[in-house]
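For reference, the structure is listed below as structure tokens.
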Amino acid sequence: MGRCGITSSKTVLVFLNLIFWAAAGILCYVGAYVFITYDDYDHFFEDVYTLIPAVIIIAVGTLLFIIGLIGCCATIRESRCGLATFVIILLLVFVTEVAVVVLGYIYRAKVEDEVDNSIQKVYNKYNGTNPDAASRAIDYIQRQLHCCGIHSYSDWKNTTWFIEARNNSVPLSCCKASIINCTGTLSRPGDLYSEGCEALVVKKLQEIMMYVIWAALAFAAIQMLGMLCACVVLCRRSRDPAYELLITGGTYA
């Protein structure tokens, strides 16, 4: 019964290490996705520290690949020192992922205030030219999120660009994709997206932050199982130095 339990623990541990390698790739992908998305929405953020959870999760992903390698070697060779190192590193990464979850919730709550404080400034900087960063950012989110203005398309009436243009029109990025020959004129409001962009930008950024939080929680749970299995192997090895090896089926001496 004891040998069955230790062999099962080692088998599960080897399998978990393979999962760690996959998790490393997934976490790095999630972190990179946050960075790429931030680049599209960075004009609506004044606090660059919002990227801290993404930076941490990429670092954790890189570390998980190394952990998987250490864990596989330590489990197959049944190295007590290797398994102890494996458990300690897993514990540190687990604590880091808990920190990612906490920071993720903190910055997720700050998203709405950040966007609310900056979106009006960005819209006031709009000049309608493609090389302008603020103009590109606004045209991008209006096309991608199917929105117009801050709360509605009528918000454009208060912008410097609208006042100077004097053509009673909003940017073409406000036009619905299904409408052909849309000119952005306010005299045809049915051609324009009616929903404002502020709420949609906040929702999008909060969703992205939740991806980071859920990824960290999921892999933290897997690491808990990994630590448990490694501890079972370590405890069994300490009590009985002679038991069946995972690969050879011989006796460890």
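The values are calculated or read from the model by the stated rules, or taken from the named source; none is laboratory data. The model shown is predicted, which means the values in this text are computed figures rather than measured ones. Every residue, glycine among them, receives a Cβ derived from its backbone with ideal geometry; neighbour counts consider all protein chains shown. Please note that ligands, DNA and RNA were not included when accessible areas were found on the heavy atoms of the full protein model with its side chains. Shrake-Rupley method; radii C 1.70, N 1.55, O 1.52, S 1.80 Å.
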**Request:** Check whether at least one residue in the stretch 52-74 is surrounded by fewer than 19 Cβ atoms within 10 Å (Cβ to Cβ), at pLDDT below 80, closer than 30 Å to Cys197 by Cα and within 24 Å of the chain's Cα centre (by Cα), and report yes or no.
**Result:** yes
**Asked** Can you find a residue in the stretch 168-180 that is open to solvent by 80 Å² or more (accessible area, probe 1.4 Å), assigned to a helix (DSSP H, G or I), within 19 Å of Tyr193 (Cβ to Cβ) and hydrophobic (A, V, I, L, M, F, W, C)?
**Response** yes
**Request:** Filter the stretch 208-252 down to residues that are polar (S, T, N, Q) and either at pLDDT 80 or above or under 38 Å from the mean Cα position of the chain (by Cα) (or both), then give me how many there are.
**Result:** 1
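Within the stretch 184-207, take every residue that is open to solvent by 10 Å² or more (accessible area, probe 1.4 Å) and either within 13 Å of the chain's Cα centre (by Cα) or aliphatic (A, V, I, L, M) (or both) and give me the one that is modelled with the lowest pLDDT.
The first filter runs over the stretch 184-207 and keeps only residues open to solvent by 10 Å² or more (accessible area, probe 1.4 Å), leaving 185-191, 193-195, 198-200, 202-207.
Add one more test, that the residue is either within 13 Å of the chain's Cα centre (by Cα) or aliphatic (A, V, I, L, M) (or both), and what stays is 186, 199-200, 202, 204-207.
Values: Leu186: 89, Ala199: 89, Leu200: 90, Val202: 87, Lys204: 85, Leu205: 82, Gln206: 85, Glu207: 85.
Out of the qualifying residues, it is Leu205.
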**Asked** For Ile88, all conditions in the list (1) assigned to a helix (DSSP H, G or I); (2) farther than 27 Å from Gly25 by Cβ; (3) among the β-branched types (Val, Ile, Thr) hold save one; what is the number of the exception?
**Response** (2)
**Message:** Kindly evaluate Lys125 against the criterion of being under 30 Å from Ala23 (Cβ atoms) and either of a type in the set (Phe, Trp, Tyr) or surrounded by 14 or more Cβ atoms within 10 Å (Cβ to Cβ) (or both).
**Reply:** no
